[in-house]
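What follows is a short report on a single structure.
The values are calculated or read from the model by the stated rules, or taken from the named source; none is laboratory data. The structure presented is a predicted model; accordingly, all values stated were derived computationally and were not measured. Backbone-built Cβ (ideal geometry, glycine too); neighbour counts: all protein chains shown. What goes into the accessible areas is simple: the full protein's heavy atoms, side chains included, and nothing from ligands, DNA or RNA. Shrake-Rupley method; radii C 1.70, N 1.55, O 1.52, S 1.80 Å.
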Amino acid sequence: MADIHITRTHKLGLEKARKLALRWAEVAEKKLDMECTYEEGRAHDVVHFKRPGAHGELHVAKDKFALDAKLGLLLGVFRHRIETEIVNNLDQLLAHHDPLNAFEEGLARHEAQHEGQPAHGKPHAQAHKPAKTPAKTPAKKAK
């Protein structure tokens, strides 16, 4: 298993950080086929997430986010790329004056880029998997 640990400080306060984390969990469930549970606490919250090949927690505090994830064998091969994408996206969001609005704008841009593609009714993560093709039958030998 490959581990990812990312911590980022912020100045959002717990209420705004909570809203951002809740929205991320909603989108992760819809787009990444993840199962998320949100535990709200007095001083900090925890988002537990899991899907085949990955599970972990996002700790949400008034002044920081801490992500701990474990990737299975297949996703573990892409650990560096996955970690880089998470870091880049989180850093871009936290650089904005209003990260929640920036998240929504980024989501809208992403959906607009995929607009016009055939509707497949699958979560985002499954939509990018190659379609299964039936196995070819071996050619008959000529007599």
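Okay, residues lined up against (1) under 15 Å from the mean Cα position of the chain (by Cα); (2) loosely packed, with under 15 Cβ neighbours inside 10 Å:
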position: Ala17; (1), (2): no, no
position: Leu22; (1), (2): yes, no
position: Glu26; (1), (2): yes, yes
position: Arg42; (1), (2): no, yes
position: Val47; (1), (2): yes, no
position: Arg51; (1), (2): yes, no
position: Lys70; (1), (2): yes, no
position: Asn88; (1), (2): yes, yes
* **Scan of the range 28-40 for residues that are open to solvent by 40 Å² or more (accessible area, probe 1.4 Å) and assigned to a loop (DSSP other than H, G, I, E, B), ordered by number** => Leu32, Asp33, Glu40
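One residue is enough: does the range 128-141 have a residue meeting the conditions under 18 Å from the mean Cα position of the chain (by Cα), surrounded by fewer than 15 Cβ atoms within 10 Å (Cβ to Cβ) and at pLDDT below 95?
Here is the first cut: in the range 128-141, the ones under 18 Å from the mean Cα position of the chain (by Cα) are 128-129.
Narrowing the set further to residues that are surrounded by fewer than 15 Cβ atoms within 10 Å (Cβ to Cβ) leaves 128-129.
Narrowing further to those that are at pLDDT below 95: 128-129.
Yes, the range 128-141 has at least one match.
Can you pull out the residues in the range 44-100 that are of a type in the set (A, V, I, L, M), in a strand (DSSP E or B) and free of Cβ contacts under 8 Å to residues at least 40 places away in the same chain?
Filtering the range 44-100 for residues of a type in the set (A, V, I, L, M) gives 46-47, 54, 58, 60-61, 66-67, 69, 71, 73-75, 77, 82, 86-87, 90, 93-95, 100.
Cutting the leftovers down to in a strand (DSSP E or B) gives us 46-47, 54, 58, 60-61, 66-67, 69, 71.
Passing the criteria: Val46, Val47, Ala54, Leu58.
So which residues in the range 54-66 are touching a Gly at 6+ places or on another chain (Cβ under 7 Å) and open to solvent by 40 Å² or more (accessible area, probe 1.4 Å)?
We begin by selecting, within the range 54-66, every residue touching a Gly at 6+ places or on another chain (Cβ under 7 Å); these are 54, 62.
Answer for the range 54-66, where residues must be touching a Gly at 6+ places or on another chain (Cβ under 7 Å) and open to solvent by 40 Å² or more (accessible area, probe 1.4 Å): just Lys62.
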